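Novice: Supplied in structure tokens, the structure appears directly below.
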Amino acid sequence: MGALNLSQVLWEERRALAGVRLEFAPKDPDISPTPAQPASGASQTPTQPPSATSPQPAQQPSQTLPRPSPTDPVPGKLLDVYQALNADDRWALCLSGGGIRSAAFALGILQRFAALEVTSKHQGGKTGSALTEFEYLSTVSGGGYIGSWLSAWLHQERERRSSPGTVVSALNRRDSVGQLGDHEEAEPVSNLRRNSHFLAPSFSPISPDLWSDVAGVLRNLFLNWVLLVPPMILAVLITNALYFAVIDADSIRRENTSAWFLVVMFIPTLCFLASLSFSVANRPGRGCINVSQPRFLVCDLMPFLVGAALLVFVLRSQYGLSMLTDVTTAVGFKVDKQVEKAQFYAVVVLRGAILGVLFFLASWVLARLWTLVFGKSARPPLAARPKHPWIDLFAWCVAGAAFGVLGAAGLVLLWHYGPSGSVAATAGFACVLGLPWIVMARIVADVIYISFAEFLSEVDVGLEFQARSSGLFTLAYLGWLLWFGLVLGAPPAARWIESQLGSAFVPSLATGGGLSGLLSVILGASSKTRAAAEQASGVRQYLGLNTIAAIAAGIFASVLVALLSIGWDRAFTLAAGADHLPWKVVLIAGVALGVLIYAASHVLSINRYSLHSLYRNRLVRAFLGASRKEKDRDKTKNAFTDFDGRDSPYLYELWEHGVAPTGANWKPFHVIGAALNLVSSRNLAWQERMAAPFTFSPLHCGSGSAVFSDGAYRTTYATTKQPRPYGGMLTLGTAMAISGAAVSPSMGYNSSPGVAFLMALFNVRLGWWLANPRGDNAYYAEVKPTDALRPFFMEMFGLTSETERWVYLTDGGHFENLGLYEMVRRRCRVIVVSDAGCDPDYSFEDLGNALRKIWIDLGVRIDLRGLDLLKKRFTERPSPATKAPYWAVGDILYGEADGGTSQNGLLLYFKSGLHGTEPMGVLSYAISHPTFPHETTLNQFFTESQFESYRMLGYEIAESAFEAGGGLSTGASTKAPPTFVSIIKNL
């Protein structure tokens, strides 16, 4: 079974919430009981009365279109799906990201919702907990900690055949079961308090928990370096192999050469002809082929670079020069007498011009052959074609002459101004500057050609082609200069500096580089880096923490390459007892290293040996393990490590197929938000966000993003056509940890290419690589990438995209931190958002980000009222303190977006704050901690008082809202509690 599109996924969720059979039946019959009749609240027929959310507009029966039943086939139009979802009147509770701070705050919100008695929205008007009114639970990052804890608790109770009502009532219940008759909390709640220090429950200097974390981090760092460092060493080796080959080329003469050298001379000829002929064929004015940039890189840029590198080797040998001289002699240019030095240089330049014209003419003739490879493209517009074809050919020959002259001039300059008396120094100059010089000659030749060939043209197509082509060539030779300059220049520079300053230079260099790397990693992981840059203006914006982190990363990378080069240079010197090893020996060593790299790439897991597994295991123990009774867990946990694989259920186990989640079977459909990183996406409009939404649920995982056209999802449950989705490894704990992977090299709109390199190098990686759900990707059944090296470098250099076989998932807050986006997509009519993000200045960054993306992507506007009444935390405790709201109410304008009978929704937005009217238990902590309730998300080591302060704040904020909305009183006539919608409308 291939990927599901967005319409199919939303319709399957609708079926599941209505308690009917899914379109794709699960493979395991135990997972799919006989469909039960939907509860009274589940809508299946168009005769259901309108919800209390908003009045149904009066219409004649003839004007009312029947709403499709969940059992009907999936509608062909997504708009029809949206309208059906809107009519179902589903509600959602969204818990924002923010680490354990958000989890504690959201726990208080959940407890107060569970305690609030309301009149049900369903038929019959029964009273019950406000929490059970919600069909959806949407969580992101830290909100996912507590949301997953609730889902796991409900799952554990279902396994015991208990009613979910047990969980709802136990959220606030205190039992007198202690030895002294204390009123104790339910065990899952008290377990949360005990595990608030979840990364290392015991944090003393001699704690096994702490040193277990340290040992795990160092082990994974070492294994990642086994994967990463050898390719860097191999790159240094290849560079030195070319350098040594250029040194040895000086000794190659006609009398001592062999057949292999003739082959080496033939390769650059083929490479240049392939590159130049492709360039001719691909130019807009020629109309031969029309190919994309990736093919340009493979067929034009890469062959030319390979040819230029080998040409440097050929020109360093006397035999190579004599062979090129023979070519010019064969075409009639022969010098019989001895000439002076200046005249000799002129002859060399003239021979270069002749060779250039010959190469360019040959490439012109061969250009048409590329149509056999790519097929003939559509003819270009008349205005783009050369008006005089002979001018085009003449311009190409002039460009060839210029290319040859410049190439020969570079050789002359090396002979005349290069270091004398040292073959190694001359070879070093040739290696570092030779290829960039040849590339520069190619760029100049392109400029000359375009100036001659298109001076009569009235369009700029050819000019734009030349500009882009030259830009890519310039990028290539700048990269060559930087890399070869560092690798070949660092050893002699170190020897000279040590002769002047002493032997402490290299250790000092290593120390300075290490400190710059540490600074970059710390700034890259800091939540303040981006915020500080955004709040600055003018020059300060470009000299902020982001820029400092990027500069520090660049310094560290340069120092690392220099140290590798210095180390290998000294190893070569010791091994050979000379200036260098024979290049063949180095090449053999490189091949052996390549075998090691291949083996490590296919054995090591890029997911398992990141920090993700350590982070996930501790999250699972603290939150999902907390949902289990201690006596049950003691029977199955590992007595030595305290971890238990049974703590985390599989995602598909959270849902009973064919059972409506209402009444005694209530359970919210949990949607866990993550971010699919698109740092190098082809969608240029997303260059700022650099991420797309990705969700996990009991039924599906995937993305409904526009980058996948109509969405790409896979089922999380096994079917007859999909027996083991993602290797059967998608557990609630894995999804929760992915959703909370806040610190990673690719972090959505927080991504920084320079910092990404160092974060990957030091294994500061909490993200997860998952098989791309789009299309018929055969890898979707795999647990991890089969080749670890490619995704590792994609992560390191910011090359993550939606087109690869594997996609990189991180914290949902890297796309949208409130969980609101996906609930608006599902057209939920009442949405409650708990926002406990770090926002001390009340800039509402997370809210604004969500509203913008919802409007851009989903076409739905949300009008909020009351945001101006929300105020920052006090700096000095006010006296007297005055009450102020912690919430805002908004209208979700579905009717404007979807038309038809779609009704608008309601949004209740809670924002953590401190006004001075809170209980003394909260205020006492806040007074001694000035950043409360906006302490940094990086702090994941909460004390008991800290955890309780955030929990109590969430509880009191919800309490104050319900009191202001009249939710704590009963109706005078009905003696029944109000509906939840009426409470919101009264705010």
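None of the figures in this text is laboratory data; all of them are computed from the coordinates on show. If you're wondering where the values come from, they're calculated on a predicted model, not measured in any experiment. All Cβ positions, even for glycine, are placed from backbone atoms using ideal geometry, and neighbour counts span all protein chains on display.
Novice: Please sort 869-878, 361-370 by packing, taking for each peptide the average over its residues of neighbouring beta carbons within 10 angstrom, highest first.
Specialist: Values: 869-878: 12.4, 361-370: 16.8.
Highest to lowest by the protection proxy: 361-370, 869-878.
Novice: Moving on. Find how much the distance from Ser709 to Arg368 grows on full extension, using 0.36 nm per residue of separation minus their present alpha carbon separation; answer in nm with one decimal.
Specialist: That pair, Ser709 and Arg368, stretches by 119.1 nm at full extension.
Novice: Separate question: Which distance in nm do the two modelled labels at Ile267 and Ala571 give, with both placed 7 Å along the Cα-to-Cβ direction?
Specialist: Calculated label separation equals 2.4 nm.
Novice: Distance in nm between label sites at Ser605 and Lys883, each 7 Å beyond Cα in the beta-carbon direction?
Specialist: 5.3 nm
Novice: Separate question: Mind ordering 488-497, 138-147 by average Cβ neighbours within 10 Å, highest first?
Specialist: Highest-to-lowest ranking by the protection proxy: 138-147, 488-497.
Novice: Calculated FRET efficiency, Phe344 and Gln293, Cβ-Cβ r, R0 56 Å, to nearest 0.05? If you can, show how the numbers build up before the last one.
Specialist: Numbers: r = 43 Å, r/R0 = 0.76.
Calculated value: 0.85.
Novice: I would also like to ask the following. Listed highest first by mean packing, meaning other Cβ atoms within 10 Å per residue, what order do 66-79, 803-816 come in?
Specialist: Going by the mean number of other Cβ atoms within 10 Å, highest first, we get 803-816, 66-79.
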